[in-house]
1. Would you calculate, for the chain, the mean residue ellipticity at 222 nm contributed by helices, counting each DSSP H stretch of 4 or more residues as -39,500 (n - 2.57) and dividing by all residues, to the nearest 500?
2. Could you please state how large a percent of the accessible area of the range 138-217 is carbon and sulfur, counting protein chains only and using a 1.4 Å probe?
3. On average, how much area does the Cα convex hull of the range 199-282 cover when viewed from any direction, in nm²?
4. May I ask which residue of S81, L101, V282 lies farthest towards the positive end of the charge dipole of the chain, with charges of +1 (Lys, Arg) and -1 (Asp, Glu) on Cβ and the Cα centre as origin?
5. Of K152/K237; K179/K276; K214/K276, which sit over 31 Å apart, Cα to Cα?
6. Once both axes come from the Cα atoms, what is the angle between helix 201-214 and the longest principal axis of the chain, in degrees from 0 to 90, rounded to 10?
7. Take E228, E87, E154, E93 and sort them by solvent-accessible surface of the protein heavy atoms, 1.4 Å probe, largest at the top.
8. To the nearest 10 degrees, how steeply does helix 232-243 sit against the main Cα axis of the chain, on a 0 to 90 scale?
Amino acid sequence: MNSDEKIMSEEEFLKNYDYRKYPRPSVTVDIVVFGVLGEDGGSYRKDEEKSISLLLVKRGGHPFMGKWALPGGFLREDDESVEKCAEREIFEETNVKPRSLMPIGTFSGKERDPRGWIISNAFVSVVEEDCVNAHGGDDAEDARWFKGNLTKIEGDSGRDLYKLEMRNGDTVLSAILEKTGCQFGRDIFKLVSGDDFAFDHALIIATAFSMLRKVAEDFDVLFDFLPEKFTLTSLQKVQETILGVPLLAANFRRKIEKLVVETDEYTSGAGHRPAKLFRKRV
């Protein structure tokens, strides 16, 4: 700060301030949307196999035309927050309206986008089965649910390696990543091999998997992904989606019985028997 600035009022300083003196990266959002889905596409049968599903969009333009990516886009200049941008972009590209968004970090490497220096704010959301109606739109050619997981593999020379694999029919996307550290509870990854995903989205997806698993036992987080009134099955399936494994219903309900309150309402609609609705105990 020079001597003239020290005697200026804040109003005078801002009037004369030139933001062009500093580099100005563009700002985007990317959303990792996990779906609570079953093998038959939406039944609540008890014997239904559980799976993790992730929503991806196929890019309809450059860069990375034809590659699969996370839904997202650029922040508008009309005072739009990153949260509002995330809500708008996911709805425009996929027709899915998320109930909750969990921030998982900022990705700011200058090499992450060939168009220039573009910073991405990444979020996670979990969408219930009855909300799923994904379709391509805006700059997305297609939108599909991919089943997959992040699994640890044997590394060489003590490297902490993980394999990310996503599958939809005959389409298989994979990447090998190395965990290089942990900052403020967030695992840090770098890409070792694999270019099936657009941009640095393999890194963002791996971060989302690892972060959600760390908070999966925190039921307060699980409630954020559900409406005010929900079934115990839907609450269980959110946790199963995050962990990637099925849970015993009896054990799960014993853990959460003191955290929920029974209502006098039931679900309605075809495809399954009416189920009792609950709400979070306050």
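1. -6500 deg cm²/dmol
2. 45
3. In nm², the orientation-averaged hull projection of the range 199-282 is 7.1.
4. Value: V282.
5. Beyond 31 Å between Cα atoms: K179/K276.
6. The two axes meet at around 50 degrees.
7. If we order E228, E87, E154, E93 from most to least accessible, we get E154, E228, E87, E93.
8. Here the helix axis deviates by roughly 50 degrees.
The values are calculated or read from the model by the stated rules, or taken from the named source; none is laboratory data. Every value quoted in this text rests on a predicted model; they were computed, and no experiment measured them. Reconstructed Cβ throughout: ideal geometry from the backbone, glycine too, with neighbour counts over all protein chains shown. Side chains included, ligands, DNA and RNA excluded: accessible areas come from the protein's heavy atoms. Shrake-Rupley method; radii C 1.70, N 1.55, O 1.52, S 1.80 Å.
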